[in-house]
Amino acid sequence: MGQHLARTGPNVTETVISCHGVSKIFGPDPGAHLARLKADPQTSSVGYVQAVRDVDLDIQRGEMLVVMGLSGSGKSTLVRCLSRLIDITGGTVTIEGQDIATLSETALIDLRRRKMGMVFQSFGLLPHRTVLDNVAFPLEMRGQDRSTRYARAREMLELVGLKGREAYFPRELSGGQQQRVGIARSLAIEPDIWFLDEPFSALDPLIRREMQDEFLRLKGLLNKTIIFITHDFDEALRLADRIAIMKDGRIEQCDTPDQIVLHPATEYVAKFTAEIDRARVVRAGSLARQLSGAAEGEAVAATRTIRDLARLLVADRREVIPIADREGKIIGGMNRQVALDVLLGEAT
Amino acid sequence: MTSPAARGIGMAGLLFALALCLALGKLILPEGLIRPPEWLMQPFADWINAAFYFLQNDLGLMSLTRAFSDVVEWLLDVTANLLYGKSRWPNIGPIPWIVIAITAFMAGYALKGWRLAALSGGTFVWIALMGQWKWAMETLSVIVVAAPFSVFLGLLMGVLAWRSPKFERVLNPILNIAQSLPHFAYMIPVVVFIGVGPKAGAIVTIIFSVPPMIRMTLLGLKKVPEEVIEAGKMAGSTRWQLLTRVRIPTARSEILIGVNQVIMQCLAMVVLASFIGMPGLGQKLLQLLQSLKIGLSVEIGVTIVLLAVTLDRLSKAWALRLPEHGAPSAQWLQRNRLLVVWIALCAAGFVLAQLAPYLHEVERKQALSVAGPIDAAMDQVIRIIAPVTAWLRWFLITWVLIPMRDAYLWLPFTAVLALLAAIGWAVGGMRSALICLAYFGLIAMSGWWDRAMITVYMVSISVLIAALIGLPVGIWAARNPTRAARILLTCDTAQTFPSFIYLIPVIMLFGVNDVAVVAAVVVFAAVPIVRYTIEGLCNVPPELVEAAEMSGANRRQTLWHVQLPLALPTMLVGANQSVMFSLFMVIIAAFIGTQDLGQEMQRALSSTDVGKGLVLGFAVAFMGLMTDHLISRWSDDRKRALGV
Ligand SMILES: Nc1ncnc2c1ncn2[C@@H]1O[C@H](COP(=O)(O)OP(=O)(O)OP(=O)(O)O)[C@@H](O)[C@H]1O
Ligand SMILES: [Mg+2]
């Protein structure tokens with residue numbers, strides 16, 4: 001946890017979204033089915049899909065939560081529950097202290113206009129509107145006048161590299177270009193709470209990296225709360241403050257990237273993360289142990305990954321390498337052998 | 001022990017045997033089982049009349065319909081003034097024909113390109129030069145008023161049905177019946193409420209063309225992708241914004257296809273509305289046909305066909321046009337180039353029309369006519385083929401039509417009911433059997449059994465002949481993709497013609513009698529059979545055909561064992577349409593002189609007997625609905641069995 005605090009700044013303890021026991025069941029009579037399941041978990045679920053099961057989650061202001069999981073594990077459905085695009089079957093979702101299930105229609109519309117933005121997995125562009133009009137659409141809904149919203153939309157289109165295509169219609173664009181229109185549309189309103197459902201899946205690596213940087217910049221600058229779905233672990237590691245791993249509608253584990261890799265909560269998470277290069281995730285700080293004697297030699301920063309330290313680890317002859325936090329205070333020592341094991345894989 | 005299917009066949013067999021016994025034992029049957037007995041008949045017509053009387057006088061519906069019809073009349077007057085110079089407000093018409101032709105040309109060019117431009121511009125030039133301008137404009141002025149009304153009403157009801165599933169559940173059966181009621185059934189109540197004339201014609205046209213618009217709106221709204229709607233919601237749209245800026249625009253294609261159908265229905269109805277005193281092309285055609293002026297009626301027929309094809313192509317081009325981007329930073333002038341050209345051309349047209357009155361209005365004596373040569377040529381042709389047609393007519397009437405009609409009339413009604421129940425049971429078990437019984441039972445109770453049997457006989461013989469012609473043509477056409485495409489296009493075009501048109505050639509060939517009616521119905525009914533046979537056969541997956549060929553099947557075996565069974569569900573859709581079309585056509589053809597329900601309906605129309613007219617209309621609708629039920633049920637079963 002200390003890690004996480006260190007990375008996101010001091011004023012993050014305010015919970016923006018909080019879920020308790022959120023469930024979503026698709027089927028003919030979901031409410032009754034949930035009640036049956038509560039009474040007897042062995043009830044047969046034929047004809048029902050339990051897309052989200054009993055999810056508890058607290059998301060802090062300024063946090064980027066990455067949701068991962070296999071296809072069909074319920075990621076998109078969870079995000080739709082959080083934004084009340086679909087009504088949940090059980091549990092509560094609270095946004096800034098307000099239970100969104102109890103919001104009136106006008107209050108919900110107001111919340112969406114002021115606070116929320118979303119990028120959709122299959123883009124959700126309006127087919128009859130030009131690219132420019134698509135990007136300006138949320139601004140139009142907020143009642144901005146024509147020239148300001150077009151100016152803003154043009155700016156956003158330039159940002160995602162679609163300058164010159166303003167007058168195109170969605171069907172005239174490639175998949176990646178359409179996705180960028182979707183991104184531009186949600187960027188245009190700079191929402192406080194951002195739901196991104198595989199926003200970069202159709203982008204080429206170069207643009208993808210640019211977009212990631214843009215979102216990181218905005219998040220750092222404006223303290224945005226972002227819930228981000230992806231299948232790409234590299235992307236998750238680059239962006240995430242915490243990663244939630246879902247399986248069959250349940251959150252198996254929700255923790256910082258290095259905790260997930262070093263201490264997987266379940267076998268599934270272990271398998272899920274098995275292929276990841278741990279050296280790129282694990283930071284020096286998480287290997288720090290109480291020093292027995294005095295620190296010897298120069299300390300390394302706790303936030304650096306083992307991969308960053310590879311050269312030093314191989315060249316250095318010290319048994320224990322001291323670790324320093326941001327202020328340069330020594331917080332412990334890292335066993336070089338342990339770090340090398342992380343770097344090279346354990347000897348078998 | 002026995003499977004349900006086998007039991008179904010068993011029960012069906014039993015019912016079939018019952019039908020056979022009733023038919024064979026007719027001589028010893030009591031009279032009550034042969035023809036529907038008196039006590040069975042219910043005075044449905046009186047009930048309906050009472051209900052209408054109540055609506056008309058006690059509910060004040062009369063003033064409401066009068067108010068509505070006054071609005072329609074005012075609009076009709078405005079368009080009539082603009083299009084053919086009726087002296088009403090705004091008193092600026094008529095617009096010179098050259099300007100309207102230019103407008104049609106530009107619309108065609110803007111929507112599709114040169115070819116459509118030539119077609120639509122050419123249509124209006126033809127109309128003007130042939131001296132039919134006034135009649136065509138009388139017809140068009142009604143469409144111009146009626147179509148927007150229908151579109152608006154259809155959109156409104158479609159949205160309501162989409163909003164409220166309860167309303168949809170109520171609306172659905174009503175639409176089913178409405179779409180199987182013959183044209184005339186709509187006219188009678190309108191005549192009661194509004195009277196005869198252009199106003200009544202417009203209103204009946206509006207009512208008649210609303211159902212497809214409702215259907216297409218509903219379909220389009222249901223098809224909008226969920227994520228598009230969610231994107232709208234996340235942008236913070238209110239429900240109204242979501243509907244008007246997200247759902248309806250996204251459903252654009254379906255809604256515009258609905259508009260296309262409305263326009264075509266309007267044209268079909270407006271032509272028929274001549275029966276209730278609607279002036280225009282339809283009335284002219286009716287008069288000419290009744291006095292057997294073949295050449296002139298061919299001229300009018302060509303006009304109606306051209307108009308139908310033009311309206312269809314224009315509205316379809318609009319519906320199917322996908323949005324395309326223009327140059328990003330173009331000037332206003334450049335973006336609206338076509339608009340500017342159109343305005344300039346129209347201005348030029350007005351000026352020219354001032355200078356040369358011929359371009360303003362073609363006088364009757366200046367009009368071209370091809371009637372003379374057509375009549376002469378037809379005389380020649382008829383002289384040559386007269387022996388053949390005369391023989392054919394004699395043969396069909398004495399050896400096919402009259403015996404069949406007598407056979408249908410001879411059958412005891414109980415035998416018919418048992419037979420229908422047997423078919424129903426075989427197709428869909430008890431439920432279908434009961435549905436068949438209910439529909440025909442009601443017909444028996446209406447007191448129009450004999451007339452109904454004549455209609456059934458005409459439809460069944462016509463569909464049979466249509467199938468005998470249509471199936472081979474379809475199979476032949478499906479052999480070769482280019483041929484298939486060409487014939488499909490022909491069928492599509494033929495389906496846009498108002499049904500009335502089909503009467504011209506058959507009257508030409510056979511004169512005015514049952515054979516002509518059957519011939520018209522056959523042609524009309526063969527079109528969907530050909531069309532869906534081709535579609536069904538062309539959509540059989542090629543792997544399956546190849547697999548059959550690899551296992552050594554010859555062409556005939558492949559056709560019989562692979563292609564036709566797989567194409568059957570699609571072909572059944574064609575059969576269904578075919579029956580529907582023939583029912584409509586038989587009723588329309590009644591004015592040539594048949595003795596079926598159609599003739600009675602015309603009588604009801606001329607005596608404005610709503611109750612009788614609607615009872616007859618429902619009788620026809622029930623026949624259609626029963627066939628529709630049986631065929632769709634069968635087709636669904638086949639589809640399920642084939643796993644498609
Ligand atoms: N509207 C719906 N009706 C019925 N079942 C649904 C619906 N939406 C989702 N599901 C089911 O819920 C489950 C979770 O779907 P979801 O879209 O959340 O998966 P996902 O994790 O986003 O997958 P992917 O990575 O492929 O996007 C799936 O089994 C899906 O079939
Ligand atoms: Mg998803």
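To keep it simple, each residue is scored yes or no on (1) within 18 Å of B:ALA308 (Cβ to Cβ); (2) open to solvent by 10 Å² or more (accessible area, probe 1.4 Å); (3) not hydroxyl-bearing (Ser, Thr, Tyr).
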{"site": "B:ARG115", "(1), (2), (3)": "yes, yes, yes"}
{"site": "B:ALA118", "(1), (2), (3)": "yes, yes, yes"}
{"site": "B:VAL125", "(1), (2), (3)": "yes, yes, yes"}
{"site": "B:GLU138", "(1), (2), (3)": "yes, yes, yes"}
{"site": "B:PRO148", "(1), (2), (3)": "no, yes, yes"}
{"site": "B:GLY158", "(1), (2), (3)": "no, no, yes"}
{"site": "B:ALA161", "(1), (2), (3)": "no, no, yes"}
{"site": "B:SER164", "(1), (2), (3)": "no, yes, no"}
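Here B:LEU175 qualifies as assigned by TED's automatic domain parsing to the domain that holds B:THR205, in contact with a Lys or Arg (Cβ under 8 Å, 6 or more places away or on another chain) and part of a helix (DSSP H, G or I).
Given the criteria touching a His at 6+ places or on another chain (Cβ under 9 Å) and under 20 Å from A:GLY62 (Cβ atoms), does A:ARG165 qualify? So A:ARG165 does not fit the description; no.
Checking each residue in region A:156-191 for being open to solvent by 10 Å² or more (accessible area, probe 1.4 Å) and touching a strand residue (DSSP E or B) at 6+ places or on another chain (Cβ under 9 Å) picks out A:ARG185, A:ILE189, A:GLU190. Taking the listed residues A:THR256, A:THR303, the one that is closer than 17 Å to A:GLY69 by Cα, of a type outside the set (A, V, I, L, M) and surrounded by fewer than 21 Cβ atoms within 10 Å (Cβ to Cβ) is A:THR256, with no other qualifying. Taking the criterion of being surrounded by fewer than 18 Cβ atoms within 10 Å (Cβ to Cβ) and either in a loop (DSSP other than H, G, I, E, B) or more than 10 Å from chain A (Cβ to nearest Cβ) (or both), the residues of region B:217-259 that qualify are B:LEU219, B:LYS222, B:LYS223, B:PRO225, B:THR238, B:TRP240, B:LEU243, B:THR244. Among the residues making up region A:193-238, those that are open to solvent by less than 10 Å² (accessible area, probe 1.4 Å) and within 13 Å of ligand 2 (Cβ to nearest atom) are A:PHE195, A:LEU196, A:ASP197, A:PRO199, A:ILE227, A:PHE228, A:ILE229, A:THR230. Screening A:GLU214 on (1) over 16 Å from the mean Cα position of the chain (by Cα); (2) farther than 22 Å from A:HIS20 by Cβ shows it passes everything except condition (1).
Search region B:23-38 for residues that are free of Cβ contacts under 8 Å to residues at least 12 places away in the same chain and pair each with any residue that is exposed (fewer than 11 other Cβ atoms within 10 Å of the Cβ) when their beta-carbon atoms are under 8 Å apart and the residues are at least 6 apart or on different chains. That search, which allows pairs on different chains as well, returns B:PRO37/B:GLU31. Taking region B:428-452 as the range and being surrounded by 21 or more Cβ atoms within 10 Å (Cβ to Cβ), modelled with pLDDT under 90 and farther than 22 Å from B:ALA407 by Cα as the test, only B:GLY428 passes. For region A:86-109, the candidate set comprises residues that are among the acidic types (Asp, Glu) and without any contact (Cβ under 8 Å) to a residue 24 or more places away in the chain; within that set, the residue that is farthest from the other protein chains (Cβ to nearest Cβ) is A:ASP99.
In region B:476-509, which residues are touching a residue at least 40 places away in the same chain (Cβ under 8 Å) and open to solvent by 60 Å² or more (accessible area, probe 1.4 Å)? If the condition is that a residue be touching a residue at least 40 places away in the same chain (Cβ under 8 Å) and open to solvent by 60 Å² or more (accessible area, probe 1.4 Å), then B:PRO481, B:LEU509 are the ones that fit. Note on region A:68-85: among residues that are within 13 Å of ligand 2 (Cβ to nearest atom), within 14 Å of another protein chain (Cβ to nearest Cβ) and touching a helix residue (DSSP H, G or I) at 6+ places or on another chain (Cβ under 9 Å), the one that is most open to solvent (accessible area, probe 1.4 Å) is A:ARG80. Screening region A:231-290 for helices (runs of 4 or more DSSP H) wholly inside it with 3 or more residues that are within 27 Å of A:LEU203 (Cα to Cα) and in contact (Cβ under 8 Å) with a residue 40 or more places away in the chain returns the ranges A:233-239.
Quick one: in region A:27-38, which of the residues that are more than 16 Å from ligand 1 (Cβ to nearest atom) and open to solvent by less than 90 Å² (accessible area, probe 1.4 Å) is farthest from the other protein chains (Cβ to nearest Cβ)? Ranking the qualifying residues of region A:27-38, first place goes to A:ALA35. Do we find a residue being farther than 30 Å from A:ARG129 by Cα and polar (S, T, N, Q) anywhere in region A:177-197? Looking for residues that are farther than 30 Å from A:ARG129 by Cα and polar (S, T, N, Q), one finds none in region A:177-197, hence no.
State yes or no: is B:VAL517 crowded, with 21+ Cβ neighbours inside 10 Å and either in contact with a strand residue (DSSP E or B) (Cβ under 8 Å, 6 or more places away or on another chain) or modelled with pLDDT of 85 or more (or both)? Yes: the conditions hold for B:VAL517.
For A:PRO199, the conditions (1) more than 16 Å from ligand 1 (Cβ to nearest atom); (2) in contact with a strand residue (DSSP E or B) (Cβ under 7 Å, 6 or more places away or on another chain) are fulfilled apart from (1).
Comparison of B:ILE304, B:ILE374, B:ILE294 shows that the only residue that is surrounded by 12 or more Cβ atoms within 10 Å (Cβ to Cβ), under 30 Å from B:VAL259 (Cα atoms) and among the hydrophobic types (A, V, I, L, M, F, W, C) is B:ILE304.
Within region A:110-141, restricting attention to residues that are open to solvent by less than 20 Å² (accessible area, probe 1.4 Å) and more than 8 Å from chain B (Cβ to nearest Cβ), the residue that is nearest to the chain's Cα centre (by Cα) is A:VAL119.
What's the number of the condition B:ASN172 fails, among (1) crowded, with 17+ Cβ neighbours inside 10 Å; (2) free of Cβ contacts under 8 Å to residues at least 60 places away in the same chain; (3) more than 30 Å from B:LEU286 (Cα to Cα)? Of (1) crowded, with 17+ Cβ neighbours inside 10 Å; (2) free of Cβ contacts under 8 Å to residues at least 60 places away in the same chain; (3) more than 30 Å from B:LEU286 (Cα to Cα), only one is false for B:ASN172: (1).
Here B:MET269, B:MET278 are screened, and the one residue that is more than 14 Å from chain A (Cβ to nearest Cβ), in contact (Cβ under 8 Å) with a residue 60 or more places away in the chain and under 18 Å from the mean Cα position of the chain (by Cα) is B:MET269.
The values are calculated or read from the model by the stated rules, or taken from the named source; none is laboratory data. Note that the coordinates shown come from a computational prediction; the quantities given were computed from them, not determined experimentally. Heads up, the Cβs are rebuilt from the backbone with ideal geometry, glycines too, and the neighbour counts pull from every protein chain shown. The protein model used for the area step is the full one, side chains on, heavy atoms only, and it has no ligands, DNA or RNA in it. Shrake-Rupley method; radii C 1.70, N 1.55, O 1.52, S 1.80 Å.
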